[in-house]
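Reading through the structure tokens given below for one structure.
What follows is calculated from the coordinates using simple rules that are stated; it is not laboratory data. Everything numeric in this text was worked out from a predicted model, so none of it was measured. Note that we place each Cβ from the backbone using ideal geometry, even for glycine, and neighbour counts take in every protein chain shown.
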Amino acid sequence: MPLETITALASGLTAVLGLFVALLAYRGFRRNDSPTMGALSIGIVCIAVVPYLVLYLVGPAIDLTDAEALLAITLAHTLGLAAIYRTFHY
Amino acid sequence: MIGTPTPLTGPPAALARATGSVPEAVGSITSTRTLEAIARLGSIPVAPLQIEVEGGSTPVVLAAIATFFVALVLSVLVTYRFVEGYRRTKARPILLLAVGMFLLAPAPMFIRLLVGNVAAIPLSVQLLTTTLSELSGLVVILYVVYSR
């Protein structure tokens, strides 16, 4: 199997697993009213799911340049990490 | 690095091209800025520094590089706060969250930063390494969240 195929499969698996972990964290947030779990849920979506969507779905669909897609991904990373970092101040 | 199919080689690769002093054959979208002012600095004659950006417009590339470094700093801070939390509470789930967060965010970014600028390492290997790091980070976080 070519390396590119393995990478694409691993990326898809990362996005699916990220969505699952985010859902579990969101459930934890709803059940325990825990801001850490809520932020973790947002953070994981931004870090693991959004980049996949930008790279494989939104990017090709609206014809983003490499730089625009890269900016969207790094912005998603920054927002997700900022959401997690904010909870440390509670 | 030049001539590779570009899909998102990461900011380090873009940065490598942006700081390259030798004009290189670039893709379809290329903008060149000559910083003659730098060349005029000092008394030693210096060849004009040329910055070439490929894959998009210069402001977007620079913004992407800047946000990449902001995200890198934030990821290190978040991981550090988890480690600090573990050292304070000695709670194993927090240590695992620190490990998971490290594998999910800072580790892939450092890999992109280091490996992306080494031409000897193929792009596919870099992408696979970062993806596997993120995947293992998510598995660790899944374990923590699932066991709560």
* Asked: So for A:S11, B:S75, B:S147, fewest C-beta neighbours within 10 Å to most, what's the order?
  -> B:S147, A:S11, B:S75
* **Options A:A10, A:G38, A:A83, ranked by Cα towards positive dipole end of the range A:3-89, top entry (Cβ charges)** => A:G38
* Cβ-defined net charge surrounding B:V83, 14 Å radius [Lys, Arg +1; Asp, Glu -1] -> +4
* How long are the semi-axes of the ellipsoid equivalent to the range B:94-148, from square roots of 5 times the Cα gyration tensor eigenvalues, in whole Å, largest first? -> 26, 10, 5
* Can you give me the Cα centroid spacing of the range A:11-90 and the range B:67-90 in angstrom? -> 17
* Structure fact -> In chain A, helical segments from DSSP H whose Cα atoms cover 27 Å or more along their own axis and that average at least 0.0 on the Kyte-Doolittle scale are A:3-32, A:66-86
* Asked: For A:P51, what charge total do you get from the other residues with a beta carbon under 15 Å from its beta carbon, if Lys and Arg give +1 and Asp and Glu give -1?
  -> -2
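Taking K and R as +1 and D and E as -1, what net charge do the other residues with C-beta under 13 Å from the C-beta of A:F88 add up to? The partial results should precede the final answer.
Details: positive: A:R86, B:R81, B:R88; negative: B:E84.
The answer is +2.
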* Structure fact -> Per residue of B:56-62, other chain Cβ atoms within 10 Å number on average 4
* Cα-Cα pairs above 21 Å in the range A:25-90: how many percent? -> 33
* Only residues of the range A:50-64 count here: report those whose backbone N is under 17 Å from the spot 7 Å along Cα→Cβ of A:V16, or say none. => A:50, A:52-53, A:56-57
